[in-house]
1. Kirkwood hydrodynamic radius, the chain, all distinct C-alpha pairs: what's the number in Å?
2. Rounded to the nearest 5, what is the percent of antiparallel bridges among the DSSP beta bridges in the chain?
3. Tell me, what does the Kirkwood hydrodynamic radius of segment 94-244 come to in angstroms if you use every pair of distinct C-alpha atoms?
4. Using a cut-off of 12 Å between alpha-carbon atoms, which aspartates and glutamates can reach Lys182, once sequence neighbours fewer than 8 places away in the same chain are excluded?
5. Can you list the trypsin sites (Lys or Arg not before Pro) in segment 102-210 that are in a DSSP coil and have 13 or fewer other beta carbons within 10 angstrom?
6. What does a probe at Ala162 reach in segment 227-264, counting residues whose amide N is under 15 Å from the point 7 Å along Cα→Cβ?
7. Cross-link list Lys75/Lys258; Lys178/Lys225; Lys70/Lys225; Lys164/Lys354: which exceed 31 angstrom alpha carbon to alpha carbon?
8. Please report how far the C-alpha centroid of segment 345-369 lies from that of segment 162-187, rounded to the nearest whole angstrom.
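Every number here is computed from the coordinates shown, using simple stated rules; none is lab data. None of these values were measured; they are calculated from a predicted model. Reconstructed Cβ throughout: ideal geometry from the backbone, glycine too, with neighbour counts over all protein chains shown.
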Amino acid sequence: MRMVRIGIRIDASNHFIVTSMKHALHPVRLLATALLAGASVVAMAQTKELNLYSARHYQTDEALYANFTKATGIKINRIDADDAGVLARLKAEGAASPADVVLLVDAARLSLAESEGLFQPLKSVTLQQRIPAHLRSTDDGNGSQWFGFSTRARVIVYNKDAVKRADVDTYEELADPKNKGKVCTRSGSHPYNLSLFGAVLQHDGPAATEAWLKGLVDNMARAPKGGDTDQIRAVATGECAIALTNSYYLARLMRSTKPEDKAVMDKVGVVFPNQQSWGTHVNVAGGAMARHAKHRAEAVAFLEYLSSDEAQQYFANGNNEWPAVVTVKITGNPALEAMGDFKTDTLSVAQAGKSQVAVQQMLDRVGYK
């Protein structure tokens, strides 16, 4: 059998061109060989993809992902679950996991995943320059394991007919006897609360924090239940008079056109606590490269894209979150604009997140369910 060597390339118009041929070959066979070679090249060019495990469940993120694919040609294969579901799946899959990038919506959850070895360090000049140090995990010399891409504030809402603003302008005042029987919250063990309580622990110390948590329990109008929106509605109806909520839940109600939501907002006021001390606690939604990522270059490209001006505006306008990149100015979100500027806590959110075990032990001791 005679061996035939053929050189083939594809020009800018995707035409197949024979660049060299050692021996003559039948035209039909030549065409078949060229088509097979071209198909292999095209198939290789179309394999750019990214496997994303996401706890973000906001419809506006669809445009975010679509724009990334349009800009880069990288296809996103997405699996959605809540944070606990994402982490359970990663642990169950182990080294066989196809996950490249993981998105979670809380610093406590991100810190937990890091401590369980589900992420890997990532060195990126772009991310280091654009994401402030206190909104990402500690750099151990090999890079940070996760980065926050949007922020939300843990604010206090109060019934304007029942409470004076000056009586709830700090987190510490929630445990003051003057507010006995007025407070409602979601579960103390919910990550949103664990992150806040972890920040209080870092600022005020163990003894003062445990006493504060006990005071919160003593001041409750009812047992903890529901989500943040439920707390806001409970304040409006008078079931309680004071509550904690993430700012984006409040912004959703502010932007709503429903009469019942407008009625709620007429009843409640909002405070950004601790403006005279360490500032209002902020939490993050963030992302990381999965421990066993197979598409590392695509993962880096996606995470860097999330820090772009375009993506940061999606976070702000799509889910009422503040951009993590300080140079990005919010445009087109009247609720965030109405909330105005405020002093934020610059404590490392990773440090607060890592305090969750100590906080949970305190919650158990004081009976905060």
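1. 22.9 Å
2. 70 percent
3. Mean inverse Cα-Cα distance, inverted, gives 17.5 Å.
4. Answer for Lys182, where 12 Å is the Cα cut-off: Asp167, Glu173, Asp218, Glu239, listed by chain and number.
5. In loop regions of segment 102-210 (DSSP not H, G, I, E or B), the sparsely surrounded trypsin sites (Lys or Arg not before Pro) are Lys123, Lys164, Lys180.
6. Once the point is set 7 Å along Cα→Cβ of Ala162, 230-244, 264 turn out to lie under 15 Å by backbone N, inside segment 227-264.
7. Lys75/Lys258; Lys70/Lys225; Lys164/Lys354
8. Spelled out, the Cα-based centre of one part sits 20 Å from the other.
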